[in-house]
Amino acid sequence: MDNRQPEWTGKEELTELKYRGHIVPGYKIARTGLIISYKVSKKGRPLTWSRRSPKADYPAVKLQIPIETIGIAYSSKSYDLNHAKVGMIARRVDVHLAVADTWLWIDSCPLDLELYWSSFSIELKEIMRSYFQVDHIDNDRWNPHVSNLRFVSPRHNNPHIKAAMQAEEAIKNSS
């Protein structure tokens, strides 16, 4: 596991963490992906990144999210409900998705839509956002800094398409 979690100095710019467009109470996030929990202590404590799963090498953290934020029906036998406080769901959230949802939410759009983005309503942008994926510009999954993330279409997040686009860009830049 790669562990390049940023250190918490207390000087970072923090804002309320958003998940699926909703503020998650008790958490703040920095542009670097550092997530601070204020659930237990008013001073806050940084959450430790861990690998999302054995097959998915992305940093993730476990959050307690209010059920109404998720907007999905759950069985009373659900692991997510049984391992959380009443009215909450325990959810592993990818750090890069939390950074993108919080810091890029509506301001960023896939390259294909840049010409039209400013003419779309906020409601339409929010609907369209669910169809985008978050791309790591430098291809480093353990670098969730906001400057390294952008929204792309699923097609443009395909490794083969990305490689072809980067090769094309390199040829343009060398001319």
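Quick notes on this one:
- Matching residues in the range 29-50 - criterion: being open to solvent by 50 Å² or more (accessible area, probe 1.4 Å) and in contact with a helix residue (DSSP H, G or I) (Cβ under 9 Å, 6 or more places away or on another chain): 31
- First in the range 52-80 and among the acidic types (Asp, Glu), second anywhere and open to solvent by 100 Å² or more (accessible area, probe 1.4 Å) and at pLDDT 85 or above, Cβ under 7 Å, 6 or more apart: 57/141
- Residues satisfying the stated conditions in the range 112-137, i.e. farther than 14 Å from residue 157 by Cβ and outside any helix (DSSP H, G or I): 114, 115, 116, 120, 121, 130
- The residue of the range 93-136 that is most open to solvent (accessible area, probe 1.4 Å), among those that are over 19 Å from residue 61 (Cβ atoms) and of a type in the set (Ser, Thr, Tyr), is 131.
- Taken over the range 8-20, the criterion of being open to solvent by 70 Å² or more (accessible area, probe 1.4 Å), over 22 Å from residue 90 (Cβ atoms) and either touching a Phe, Trp or Tyr at 6+ places or on another chain (Cβ under 9 Å) or touching a residue at least 12 places away in the same chain (Cβ under 8 Å) (or both) is satisfied by 8, 13.
- Of all residues in the range 21-28, one or more are open to solvent by 50 Å² or more (accessible area, probe 1.4 Å) and at pLDDT 95 or above.
- In the range 142-171, the residues that are assigned to a helix (DSSP H, G or I) and open to solvent by less than 70 Å² (accessible area, probe 1.4 Å): 146, 148, 156, 157, 161, 162, 163, 164, 167, 170
- Every pair of residues 6+ apart whose Cβ atoms lie under 7 Å, when the first sits in the range 124-143 and is in contact (Cβ under 8 Å) with a residue 60 or more places away in the chain while the second is open to solvent by 70 Å² or more (accessible area, probe 1.4 Å): 142/4
The values are calculated or read from the model by the stated rules, or taken from the named source; none is laboratory data. What you are looking at is a predicted structure, and each value in this text was computed from that prediction instead of being measured. Methodologically, a virtual Cβ is constructed for each residue, glycine included, from the backbone with ideal geometry; neighbour enumeration extends over all protein chains shown. The accessibility values were calculated without ligands, DNA or RNA, using every heavy atom of the protein model including side chains. Shrake-Rupley method; radii C 1.70, N 1.55, O 1.52, S 1.80 Å.
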